[in-house]
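First up is the structure itself, then whatever we jot down about it.
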Amino acid sequence: MPKVPDTQENFEKCVCDRCPTWTAAPCPKEKTEKLYCAKGMTACGLKEKGCICGACPVHDENHLTGMYFCIKGAAK
Ligand code: SF4
Ligand code: SF4
């Protein structure tokens, strides 16, 4: 079972769409993608420009320690 549940509730809680890495490129918005800690890495080829996962309720609730799930892949 994945560490973070891939649910609509978590999708709505995810703050990726407010982070500088996500907003710097049009691709994630066009694909309506986020919740990378559950869904895995992006195919958008994002470059690290700051990660705000630490300020996200999903990060807290699932006791995550990592960041940049959009680039590094889902939380394990
Ligand atoms: S921890 Fe990061 S990737 Fe996971 S839901 Fe929160 S902001 Fe999105
Ligand atoms: S995983 Fe982190 S860096 Fe990637 S889009 Fe979400 S908040 Fe931004």
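Expressed as a fraction of 2.2 N^0.38 Å, the rule-of-thumb size for a compact globular protein of N residues, what is the C-alpha radius of gyration of the chain?
On the way: Rg = 11.0 Å, N = 76, 2.2 N^0.38 = 11.4 Å.
Rg over 2.2 N^0.38 Å, computed on Cα atoms: 0.97.
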(request) Note the count of lysine pairs whose C-alpha atoms are less than 18 angstrom apart in the chain, limited to pairs 8 or more residues apart or on different chains. (result) 22
(request) Among Ala38, His63, Thr23, flag the residue with its Cα farthest along the positive direction of the charge dipole of the range 8-72, charges on Cβ as +1 for Lys/Arg and -1 for Asp/Glu. (result) Thr23
(request) About the Cα centre of the chain, how large is the charge dipole given +1 on each Lys and Arg Cβ and -1 on each Asp and Glu Cβ? Please answer in debye to the nearest 20. (result) 280 debye
(request) Identify unpaired cysteines across the chain, taking unpaired to mean no other cysteine Cβ lies under 4.7 Å from the residue's Cβ. (result) Cys14, Cys16, Cys19, Cys37, Cys51, Cys53, Cys56, Cys70
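Values in this text are rule-based calculations from the coordinates and carry no lab data. The structure presented is a predicted model; accordingly, all values stated were derived computationally and were not measured. Heads up, the Cβs are rebuilt from the backbone with ideal geometry, glycines too, and the neighbour counts pull from every protein chain shown.
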